[in-house]
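The values are calculated or read from the model by the stated rules, or taken from the named source; none is laboratory data. Remember, it's a predicted structure, so these values are computed and weren't measured experimentally. Cβ coordinates were reconstructed from backbone atoms using ideal geometry, including for glycine residues, and neighbour counts include every protein chain displayed. Protein only, heavy atoms only, side chains kept; ligands, DNA and RNA dropped before computing areas. Shrake-Rupley method; radii C 1.70, N 1.55, O 1.52, S 1.80 Å.
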Number of protein chains: 2
Amino acid sequence: MDLETLTHKSGEWLKGQGPESDIVISSRIRLARNLAQYPFLSRADDRVRVEIEESLGQKLIDLPLKKPLSYFKVHTLENIDRQLLVERQLISRELSDNHGSRGVVLSDEENVSIMVNEEDHLRMQVIHSGLALDECWNEIDRIDDLIESEVTYAFSQQLGYLTACPTNVGTGIRVSVMLHLPALVVTKEIQKVFQALHKISLAVRGLYGEGSQAMGDFYQISNQVTLGKTEEQLIQQVKEVVPRIIFYERQARTALVKDNREGLHDQISRAYGILKNAQTISSEETMHLLSSVRMGINLGLIDDLEIPTVNELFIHTQPAHLQKIKGTPLESGERNVARASYLRQRLSGRHPGEVN
Amino acid sequence: MDLETLTHKSGEWLKGQGPESDIVISSRIRLARNLAQYPFLSRADDRVRVEIEESLGQKLIDLPLKKPLSYFKVHTLENIDRQLLVERQLISRELSDNHGSRGVVLSDEENVSIMVNEEDHLRMQVIHSGLALDECWNEIDRIDDLIESEVTYAFSQQLGYLTACPTNVGTGIRVSVMLHLPALVVTKEIQKVFQALHKISLAVRGLYGEGSQAMGDFYQISNQVTLGKTEEQLIQQVKEVVPRIIFYERQARTALVKDNREGLHDQISRAYGILKNAQTISSEETMHLLSSVRMGINLGLIDDLEIPTVNELFIHTQPAHLQKIKGTPLESGERNVARASYLRQRLSGRHPGEVN
């Protein structure tokens, strides 16, 4: 796997398959782990960071997984390549922006990502398309066991796994599901959903995690508690709440169609028309319009476009992807032109290489 | 010629040919005449109106013109058909809405229209594509002579031709040119043009004449004075001013391209995209977007659409045309849906009959 190839393809988790994939983009579980023999990173000097990165990097690449793995020394990557990995949700913004020796192991299908020297020594994630938390859990649990057979984790009998930030202590698990909720946004019912989720200690974030805006009507629902419950209990809580949100979103979609099918169809078709014709377009407007189009496909109002293409466009129209696709650094205004050009090419059914 | 055929074709004057046709849609000259032997219509009872209509109708249809003529008794037409003729600029709203016996003679190419019992006994017009006032004048002058050889016009040695409204007395001529001035509208310089025209006693009206709004950035420039000058002098005045307006519009277009080619191209492409994709669209928005698209073609920013198609769409998306095309009466909301459907069909390059 190399980053140039990555630019033009898309991860398995964007395939738009799996249960409830009209609403559930992806399911993701990550575990935070630290090595007993080293201090937390906030107390580790550069030499220790190098030691952790080098020893863990070698061990991770040799993990006996069925999938081929690649290792990237993140500190040696160009800015644009780090940003590319962030846009693909393969590394966190924190790992990208950190200093010092750090790395990431990726599976070719992009389902597995294991970060070294992020906030913790190890942050491993498994991501799958659709509502597939059990699949994620089985896979990440196995990876965790494989790694644990090679290293000694920082672990307390009383607290569980020890992590750099107290909010992760215990299981070190974050169970999250990325939902596409355009109808709840349009009908302004989304706030009620947020309030209900906060009451049961579930967090709501945007497409790019903590602090990111909910662009394109994407919302990540995840657990906030990591201590005092088992991994299975924490997964179960998310598994129980997601079908209810799906139900509300479907209900809102049905109501939108029933109340004003024509107006909805018009809004969706116009969004599609603008994406196919604009000559310059911001990332924000692109996400907004793609969100309408995605709902339109799911409602059967657009029939010449497929969900995986739209899912991919959300990622490929991000700044780093655009610059990698064009093969040159672009200022914001140039990116808006490149984004519009790329959208026209992709949505006209032509391959981006065919026209400029 | 019958009105069903008329619905699906368009007049010669929409062909987008002739000098300066990027900006000058059409040139038109009309003459107002009355018969000496009858009172003005404001003083004519129903019996007299019938007599005028029947005798003039017969004489007009027999005129030895090279073009085939058709005669319609306007008072026998359905509302929708009268409106169709108004939308095509073949009859005035006044003739459509009048009471009593009245008619219109039309040439197959729609260049010639002679109304009977409008405000005057006779209102004849010749219209041509592009800046072609001499052509209009030669043709209408000949028609006027031919009619005068059959009837006696109300004429005063001192005043000239006598007309029902004093504003037409003398020559009874209205010389008008329909201009498409989107760049002057965008740059807000259009007001200056209006002020200059008013100073030299030229009138500015919208697409459908007196009292109509300037939809789609179309403006009719015409003489207001009819007395004390010859027809040639009145034509000359319009002929002299139009090139100056054309110059200002071209200058404004060049400035728009120079200042922000990308933004202009974007706006035009989005307009085109909305027209090709909307599911419901008002007449006003249609005119506005078609105006952008028309300018885009002339600036070489749209290359898969031709001016005559756009010119025709301005007319064919009007209410009566839509209802004739659909073959059924439509309420305003239904017309917006039918209009969007018709635009999608025409702009996708498919014939309107092929899909619904």
Need at least 2 residues that are open to solvent by 10 Å² or more (accessible area, probe 1.4 Å) and β-branched (Val, Ile, Thr) per element, so show me which helices (runs of 4 or more DSSP H) inside region A:236-331 make the cut, counting only ones lying wholly within it. A:307-316
Cβ pairs under 7 Å, 6+ apart or interchain, first in region A:276-301 and within 14 Å of another protein chain (Cβ to nearest Cβ), second crowded, with 22+ Cβ neighbours inside 10 Å and outside any helix (DSSP H, G or I), ordered by first then second residue, are A:286/A:317
Check region B:283-306 and report whether any residue there is under 19 Å from residue A:273 (Cα atoms) and of a type in the set (Lys, Arg). yes
From the residues in region A:108-165 that are assigned to a loop (DSSP other than H, G, I, E, B) and among the β-branched types (Val, Ile, Thr), which one is nearest to residue A:229 (Cα to Cα)? A:163
So which of A:31, A:14, A:3 is buried (at least 21 other Cβ atoms within 10 Å of the Cβ) and modelled with pLDDT under 85? A:14
Which residues, counting only those in region A:73-89, are more than 21 Å from residue A:144 (Cβ to Cβ) and open to solvent by less than 60 Å² (accessible area, probe 1.4 Å)? A:74, A:77, A:80, A:81, A:82, A:84, A:85, A:86, A:87, A:88
Of all the residues that make up region B:224-235, how many are crowded, with 17+ Cβ neighbours inside 10 Å and either modelled with pLDDT of 95 or more or at positive phi (or both)? 3
List pairs: first in region B:130-145 and over 26 Å from residue B:218 (Cα atoms), second open to solvent by 30 Å² or more (accessible area, probe 1.4 Å) and part of a helix (DSSP H, G or I), Cβ under 8 Å, 6+ apart or cross-chain? B:141/B:231
Among what's in region A:75-101 and is touching a residue at least 40 places away in the same chain (Cβ under 8 Å) and β-branched (Val, Ile, Thr), pick the residue that is nearest to residue A:113 (Cα to Cα). A:86
Flagged pairs (Cβ under 8 angstrom, 6 or more apart or on separate chains; first in region B:153-180, without any contact (Cβ under 8 Å) to a residue 60 or more places away in the chain; second open to solvent by less than 40 Å² (accessible area, probe 1.4 Å)) are B:167/B:226; B:169/B:160; B:169/B:161; B:169/B:163; B:169/B:226; B:170/B:160; B:170/B:161; B:170/B:226
Condition (residue is surrounded by fewer than 18 Cβ atoms within 10 Å (Cβ to Cβ) and either on the phi > 0 side of the Ramachandran plot or assigned to a helix (DSSP H, G or I) (or both)) applied to region A:177-190: is it met by at least one residue? yes
State whether one or more residues within region B:245-265 are touching a residue at least 24 places away in the same chain (Cβ under 8 Å), in contact with a Ser or Thr (Cβ under 8 Å, 6 or more places away or on another chain) and among the β-branched types (Val, Ile, Thr). no
Quick one: how many residues across region B:94-107 are open to solvent by 10 Å² or more (accessible area, probe 1.4 Å) and in a strand (DSSP E or B)? 0
Look through region B:1-27, keep the residues that are outside any loop (DSSP other than H, G, I, E, B) and in contact with a Leu (Cβ under 9 Å, 6 or more places away or on another chain), and return whichever of them is nearest to residue B:250 (Cα to Cα). B:24
Enumeration of residues in region B:302-316 that are within 20 Å of residue B:18 (Cα to Cα) and either within 22 Å of the chain's Cα centre (by Cα) or more than 14 Å from every other protein chain (Cβ to nearest Cβ) (or both): B:306, B:307, B:308, B:309, B:310, B:311, B:312, B:313, B:314, B:315
Quick check: anything in region B:322-338 away from chain A (no Cβ under 13 Å) and closer than 26 Å to residue A:340 by Cβ? no
